[in-house]
1. Mind checking which pairs have a first residue in the range 213-231 that is away from the ligand (no atom under 15 Å from the Cβ) and a second that is assigned to a helix (DSSP H, G or I), Cβ under 8 Å, 6 or more apart or different chains?
2. Only one residue in Cys254, Cys194 is more than 10 Å from the ligand (Cβ to nearest atom), surrounded by 19 or more Cβ atoms within 10 Å (Cβ to Cβ) and either closer than 15 Å to Val41 by Cα or among the β-branched types (Val, Ile, Thr) (or both), so which one is that?
3. Looking only at the range 232-249, filter to residues that are in a loop (DSSP other than H, G, I, E, B) and of a type outside the set (Lys, Arg); which one of those is nearest to the ligand (Cβ to nearest atom)?
4. Give me the pairs, please: first residue somewhere in the range 16-36 and in contact (Cβ under 8 Å) with a residue 12 or more places away in the chain, second residue anywhere and among the acidic types (Asp, Glu) and assigned to a helix (DSSP H, G or I), beta-carbon distance under 9 Å, and either six or more positions apart or on two chains.
5. Can you work out which of the residues in the range 221-230 that are in contact with a helix residue (DSSP H, G or I) (Cβ under 6 Å, 6 or more places away or on another chain) and surrounded by fewer than 22 Cβ atoms within 10 Å (Cβ to Cβ) is nearest to Val176 (Cα to Cα)?
6. Quick check, is Arg105 basic (Lys, Arg) and closer than 20 Å to Tyr173 by Cβ?
7. Of the numbered conditions (1) surrounded by 15 or more Cβ atoms within 10 Å (Cβ to Cβ); (2) closer than 17 Å to Ala30 by Cα; (3) more than 16 Å from the ligand (Cβ to nearest atom), Tyr68 satisfies every one except a single condition; which is it?
8. For the list (1) farther than 18 Å from Asp112 by Cα; (2) in contact with a Leu (Cβ under 6 Å, 6 or more places away or on another chain), I need the number of the one condition that Ala172 fails.
Amino acid sequence: APSGRKPLMAGNWKMNNNHLEAIALVQKMAFALKDADYAAVDVAVIPPFTALRSVQTLIEADKYGLQYGAQDVSQHASGAYTGEISAAMLAKLGCTYAVVGHSERRQYHAEDDAVVNAKAKAALAADLTPILCVGEGLEVRKAGGHVPHVLAQVDGGLEKISAEQVRRTVIAYEPVWAIGTGEVATPEDAQEVCSAIRTRLAELYDGGTADETRILYGGSVKGGNVAGIMAKADVDGALVGGASLDPGEFVKICRYRD
Ligand code: PEP
């Protein structure tokens, strides 16, 4: 439950939904969501790159309050980087967010903290809000090393990012063992790490910056468990994978107060 920070519910679709399926899903969500929902929470969809243009067209035409963003962004501004998408291209498409350092990118594409940091900086330079993902694997959690592990990722991911920029950044704590496994962290687990991240922001920057920066939890969030997680002081929203593909479930998550 944020103090002055507007909660964010972001649905990471991963590699699901072509551009036509994306239109159908956004229409269902947008039909259910009302002005009161958008006033209470920022709601974003994070579709595959190929669906961003149709999502933009739909949202602009119908004046839906939904935001959207991309699942990844190039660290480079332009040029000979075959297959990459620049932050400027995403900004031009009306994206608000770019996810950087998702655990699936770290795991399958060998992205380290330096690459994640470069991507966050590229996003910020184009006025996108990076959603910087951090989180420990099961072995680290079992050994009790999760807090230092996550704080090292925060330090690396925020290298040479200013206080003004970090206030425009969203940090998502996603324990890898809880992603797509149905194994949700307890609200206390989420709070422990989100609060440690906020304390770290106060050390790296200042208390005001730490207070303003949004920190999300991600990992098997559903309509049935979101309220307990959102009740925690340092959890400002959720990054939602599987449940964001079901419009009814995602709308329930957005209405966690009800
Ligand atoms: C994610 O991948 O960001 C995620 C949180 O996935 P899920 O909700 O499916 O665990």
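1. Taking only residues 6 or more apart or on different chains, the pairs are Thr213/Val166; Thr213/Arg167; Thr213/Arg198; Thr213/Leu201; Gly228/Pro187; Ala231/Pro187.
2. Values: Cys194 fails: either closer than 15 Å to Val41 by Cα or among the β-branched types (Val, Ile, Thr) (or both).
Matching residue, one of Cys254, Cys194: Cys254.
3. Within the range 232-249, the first condition is being in a loop (DSSP other than H, G, I, E, B), and the residues that meet it are 232-236, 241, 246.
Of the ones still in play, those that are also of a type outside the set (Lys, Arg) are 233-236, 241, 246.
Working: Ala233: 21, Asp234: 18, Val235: 13, Asp236: 15, Gly241: 2, Asp246: 11 Å.
Looking at residues that are in a loop (DSSP other than H, G, I, E, B) and of a type outside the set (Lys, Arg), I get Gly241.
4. Listed pairs, sorted by first residue: Gln27/Asp62; Ala30/Asp62.
5. So the residue we want is Lys222.
6. Details: basic (Lys, Arg): yes; closer than 20 Å to Tyr173 by Cβ: yes.
Spelling it out, Arg105 is indeed basic (Lys, Arg) and closer than 20 Å to Tyr173 by Cβ.
7. Going through (1) surrounded by 15 or more Cβ atoms within 10 Å (Cβ to Cβ); (2) closer than 17 Å to Ala30 by Cα; (3) more than 16 Å from the ligand (Cβ to nearest atom) one by one, Tyr68 breaks only (3).
8. Evaluating Ala172 over (1) farther than 18 Å from Asp112 by Cα; (2) in contact with a Leu (Cβ under 6 Å, 6 or more places away or on another chain) leaves (1) as the failure.
The values are calculated or read from the model by the stated rules, or taken from the named source; none is laboratory data. Everything quoted here is computed from the prediction, not taken from an experiment. Glycine gets a Cβ as well: all are built from the backbone with ideal geometry, and neighbour counts include every protein chain shown.
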